[in-house]
Amino acid sequence: MNNLRKYLKTLCSIPSPSGYESRVNSTIKDILKSFNGLSISEDYIGNIIAKKEGNYDKTTMLIAHCDEIGFSVKYIDDSGFIRFTPIGGIDSSILYGLRVIIDHQGELINGVIGKSPVHLSRKEKSNHVLEISELWIDIGALDKADAESLVSVGDPITFYPNYSKLSGDLVSSKSIDNRAGVATLLSVAESLQQDKTNNSIIFVFSAQEELGLRGAITAGYRINPDVCIAVDATHATDYPGINKSAHGDIRLGCGPSIPVGANFCSVIQNKMKEIAKREILDFQIESIPGYSGTDVAKVQLVRGGIQTGLISIPTRYMHTPVEVASYNDMNIAVDILVHFCREYF
């Protein structure tokens, strides 16, 4: 048995938005150091790279982005309220009333996102959706000087850690996108630590995915693998009101998604499906005919082109503080990837 549940709970508690991955990177490196046979490094953009030497000169790269969405302090007004700007894609309609933490030079400062209550605002009565520029963060400061003694312009902000177990094997937290992928890769590395695989296996925990898949570009170019598979979140569509004709039918607890589309090599995807069928593991097929928005969308195009694949963890309410996923789906993804690493080439 791997320690996937422990990894996910630990990772989801760590504030590390895109461009500020040092906190989560430190934890990832500590976990990797507990495994046998890995050489571990970190590049300039913030990717963690762990290599397991194989028997031959071919390389399989497994990649999962370790950053999360968040915010940055933009401006502190005279009353000590903090204006902020997003890091990554965030729906402003969900933000009012949420707890956040601001990372100021290593010290975590608590805050809440505020706005005028509906009782005092005609706009709210007309269902006006506030923009982020109309919201503020209240840290309890007396005035601007007091606030500036606690936070600075540019400080990163994340949702307050809120990991919780739901019914069955479901879990809810901020940053399941993509700490679920990170926990999956750590569990693969743990499971393979006593193996001598034919391919060298390189685990990449990539930075700045939410800002344009930046870490994937540098990692793909540097490593130049024969094969690259990403582990990321995908949209579950098993809740009320969603148009499955437009978005497909992806359910929690029914296995990871192994998608079909132009960003993925059919040989790689078919091999993962073959493994799942042989080992009697549930999986789902998802149609992504164009740009996948995952790290392999960039890795596929580096140098002369790389064979790429994707396995995805179904996730409800993506890019909110209450993302929901299934441990069953993550564990199946671990099993498929372990078999793939042992068998491919």
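The values are calculated or read from the model by the stated rules, or taken from the named source; none is laboratory data. A quick note: this is a predicted structure, and the numbers were derived from the prediction, not measured. Cβ coordinates were reconstructed from backbone atoms using ideal geometry, including for glycine residues, and neighbour counts include every protein chain displayed. For accessibility, only protein heavy atoms count, side chains too; no ligands or nucleic acids. Shrake-Rupley method; radii C 1.70, N 1.55, O 1.52, S 1.80 Å.
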**Prompt:** Near Lys196, which aspartates and glutamates are there with a Cα under 20 Å away, not counting those fewer than 8 places off in the same chain?
**Reply:** Glu53, Asp57, Asp226, Asp335, Glu343
**Message:** Only bridges whose two residues both fall in region 184-338 count here: according to DSSP, what percent of them are antiparallel, nearest 5?
**Reply:** 15
**Message:** Distance between the C-alpha centers of region 290-345 and region 52-101? Whole Å please.
**Reply:** 19
**Message:** On a straight-distance basis, which lysines could pair with Lys9 in a cross-link, Cα separation under 26 angstrom, same-chain partners fewer than 8 positions away excluded?
**Reply:** Lys29, Lys33, Lys51, Lys52, Lys165, Lys174
**Prompt:** Which value, in Å² and to the nearest 10, is the accessible area of Arg278 when all protein chains are kept and the probe is 1.4 Å?
**Reply:** 110
**Prompt:** For region 217-322, which GluC sites (Glu not before Pro) are both in a DSSP coil and crowded by at most 13 other Cβ atoms within 10 Å?
**Reply:** Glu279
**Length gained when the stretch Lys115-Ser287 is fully extended (0.36 nm per residue, less Cα-Cα span)** = 57.9 nm
**Item:** Relative contact order (percent, whole number), region 44-202, Cα cutoff 8 Å, 6+ residue spacing
**Value:** 39
**Message:** Hydropathy at least 0.5 by Kyte-Doolittle, axial extent at least 15 angstrom from the Cα trace: which helices of the chain, defined as entire DSSP H runs, fit?
**Reply:** 176-192
**Complete:** the chain: relative contact order from alpha carbon pairs under 8 Å, six or more residues apart, as a whole percent, is 23
**Complete:** Classified through the alpha carbon gyration tensor (a ≥ b ≥ c as square roots of its eigenvalues; rounded if a/c is under 1.5, else prolate when a/b is larger than b/c, else oblate), the chain comes out prolate
**Asked** Once the other residues with Cβ under 9 Å from the Cβ of Ile313 are scored (Lys, Arg +1; Asp, Glu -1), what is the net sum?
**Response** -3
**Prompt:** Given a Förster radius of 25 Å and the C-beta distance between Ser93 and Lys6 as r, what FRET efficiency does 1/(1 + (r/R0)^6) yield to the nearest 0.05?
**Reply:** 0.15
**Prompt:** Where only protein heavy atoms count, and the probe is 1.4 Å, what is the accessible area per residue for region 128-230 in Å²?
**Reply:** 35
**Item:** Charge sum, other residues only, whose C-beta stays under 14 Å from Phe81's C-beta, Lys/Arg counted +1 and Asp/Glu -1
**Value:** -3
**Complete:** Counting only DSSP beta bridges fully inside the chain, the antiparallel percentage to nearest 5 is 60
**Asked** Got a number for carbon plus sulfur as a percent of the chain's accessible area, 1.4 Å probe?
**Response** 50
